[in-house]
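Here's the structure, in structure tokens; my notes come after.
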């Protein structure tokens with residue numbers, strides 16, 4: 001025998017023999033059932049192992065499972081699966097196949113469960129409710145992420161600096177501050193950004209679109225966060241305080257720049273001579289020394 005996989009839930013009557021095939025085709029993996037009162041379901045494999053044979057006799061166990069001598073492995077990436085159905089679903093990642101279509105908007109999905117969740121956008125159904133604040137969500141995973149706003153849980157930790165995040169996407173965006181990756185490029189001025197939202201906000205500087213208006217002085221801003229920072233000028237509120245000298249600031253980015261006066265950090269380097277600067281605007285001025293502009 002040796003390593004094996006367990007599957008359950010297909011009946012064979014006493015004294016009978018049943019042959020079933022598991023896999024993408026009917027010739028992949030053959031299993032012959034010979035014991036009484038055994039159960040098999042080729043789509044419910046409970047644990048995976050390996051064997052050199054493709055045919056295995058049945059052994060009755062307490063949970064009425066049987067042992068098989070094979071597993072289901074993706075030929076593209078090598079990941080193993082408990083059943084042929086699971087393997088088939090996984091293969092759509094490689095093929096791009098999306099067989100499930102929304103009859104309302106035409107959106108396509110690789111898996112039926114994703115289509116089912118998507119349809120709730122059209123029906124308005126939100127079956128997953130937060131036990132703390134009562135807000136409803138379309139799917140369980142979104143509720144789980146939301147719950148972290150109440151618990152403060154931050155399971156996604158940066159392996160470079162140890163910073164914790166509530167969502168995987170936030171960690172991915174954060175890591176770009178270490179790698180310097182800027183995959184979003186403005187097609188007008190070629191400036192690059194680490195996030196799509198930053199690129200969208202930047203593009204408004206070209207279109208002069210400033211949809212966020214101050215209700216006190218009517219000044220317009222390209223993004224909402226800039227408006228929020230600006231409003232503190234009117235209220236005098238300084239939420240961001242330096243823990244070294246106690247000076248307060250209207251926004252976090254100004255505090256961050258201020259702290260460099262204490263730390264001596266100069267993250268902006270001239271690619272010609274290597275001189276460092278505390279702010280990006282300073283390096284632009286400095287580069288004119290080299291260009292003669």
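Counting Cα-Cα pairs of region 201-271 in 10 Å increments starting at 0 gives whole-percent bin shares of 18, 35, 31, 15, 0.
Using only the Cα atoms of region 98-181, build the gyration tensor, take square roots of its eigenvalues as a ≥ b ≥ c, and label the shape rounded, prolate or oblate: rounded if a/c is under 1.5, else prolate if a/b is larger than b/c, else oblate. Cα axes put region 98-181 in the oblate bin.
Oblate is the label for region 137-209. Its Cα gyration tensor axes, ordered a ≥ b ≥ c, give a/c of at least 1.5 and b/c at or above a/b. With neighbour counts taken as other beta-carbon atoms within 10 Å, the residues 207, 278, 149 rank, fewest first, as 207, 149, 278. Hydrodynamic estimate: the Kirkwood radius of region 95-242 over Cα pairs, inserted into Stokes-Einstein at 10 °C and 1.306 mPa s, corresponds to D of 81 µm²/s.
Where a number appears in this text, it was derived from the coordinates with a stated rule and is not lab data. Everything quoted here is computed from the prediction, not taken from an experiment. Every residue, glycine among them, receives a Cβ derived from its backbone with ideal geometry; neighbour counts consider all protein chains shown.
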